Amino acid sequence: MKGDGIIGFWQGIAMFRGALKPAYAIFYSNGQVYFGSHFPVAGCDHLNTWIEAERQPRYWGTYTFKEGAGVIKMPFGEIPIRAKVDGLVLTTTGQDHAFVHIPSVDGARFNGTYVMNESYEKIPVITFAADGRFKDEGALLALDHDYYNPFSIVRTPGSGTYSVKDHTVTFRYADGRAYRLAFPGVGYDKTDSSPRQFSLGINEDELRRQ
C-alpha cells in the first residue's frame, strides 16, 4: 500500500450513537477518508469521492498520517489514529478500537448457485460461473433492499456478466442494464471461488451455496 501504509480499506468496530457497531475506514491518496458503520452502498469502483462527500457529508472527512500516527477530521469531531504491528488503532469517544486491513478482492470469481433467506415470500437465487457469467433469480433485488421501488434496476431478473473491482461487484445484464453492489469482502478468500457461504451488500447479507 501507498501513503505510509494507510491507504486502503480497513474494518473494525467503533461507537456510533452510543452503541458499538462494525465500522469501515477507507483512506484515499487524495487525503479524503470514508468512515461509517456500513460500506458505501454501491461499493467503491468508479466512486467520485468528492461528489459523495457533498451528498453524504457525515461519512466523509480528511486525514493526516505520518510516521505511524495521525488524525481523521470528520464533521462530528476528530479521531486520532496510530499504527500498530498488525493494523491500526482508531480512538473514538475516548476508546481505542483495532482495525485490520481488508485485502483486495479485485478479479474475484464465484462459481455455483447460491440462495438467501426467504425475502418477500420467495427464496432469492443467483448462479455464478467462474468465467464471469451470472443468472439472477431474485437475489439482486433482495440485496438491493428496495423491493417496493418500481424503478429498481434489478427488479426484473436476468443474466449477463459480472466483474469485481475496488470492493464492488458490477453486474452487466445482457439487456444493457448495469448494477453495482458493495462487496466488503471481510473474511473472503479470493482463492476459493466456491465458498460454502459469503456476503454481499452493505448489510453483508449471506449467500449460501446449494
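Per the listing 156, 168, the residue uniquely touching a residue at least 24 places away in the same chain (Cβ under 8 Å) and not aliphatic (A, V, I, L, M) is 168.
Scanning region 106-114 turns up no residue that is of a type in the set (Lys, Arg), under 22 Å from residue 20 (Cβ atoms), in contact with a strand residue (DSSP E or B) (Cβ under 8 Å, 6 or more places away or on another chain) and surrounded by 13 or more Cβ atoms within 10 Å (Cβ to Cβ). Residues in region 21-53 that are hydrophobic (A, V, I, L, M, F, W, C) and surrounded by fewer than 13 Cβ atoms within 10 Å (Cβ to Cβ): 50, 51.
Taking the criterion of being open to solvent by 70 Å² or more (accessible area, probe 1.4 Å) and either more than 16 Å from residue 30 (Cα to Cα) or part of a helix (DSSP H, G or I) (or both), the residues of region 58-89 that qualify are 58, 67, 75, 76, 78, 82, 84, 85, 86. Residues of region 1-47 that are of a type in the set (D, E, K, R), farther than 15 Å from residue 182 by Cα and in contact (Cβ under 8 Å) with a residue 12 or more places away in the chain: 2, 4, 21.
The values are calculated or read from the model by the stated rules, or taken from the named source; none is laboratory data. Just so it is clear, the structure is predicted and the values come from calculations on it, not from any experiment. Using ideal geometry, Cβ is built from the backbone for each residue, glycine included, and neighbour counts are taken over all protein chains shown. Side chains are part of the model used for accessible areas, which takes the heavy atoms of the whole protein and leaves out ligands, DNA and RNA. Shrake-Rupley method; radii C 1.70, N 1.55, O 1.52, S 1.80 Å.
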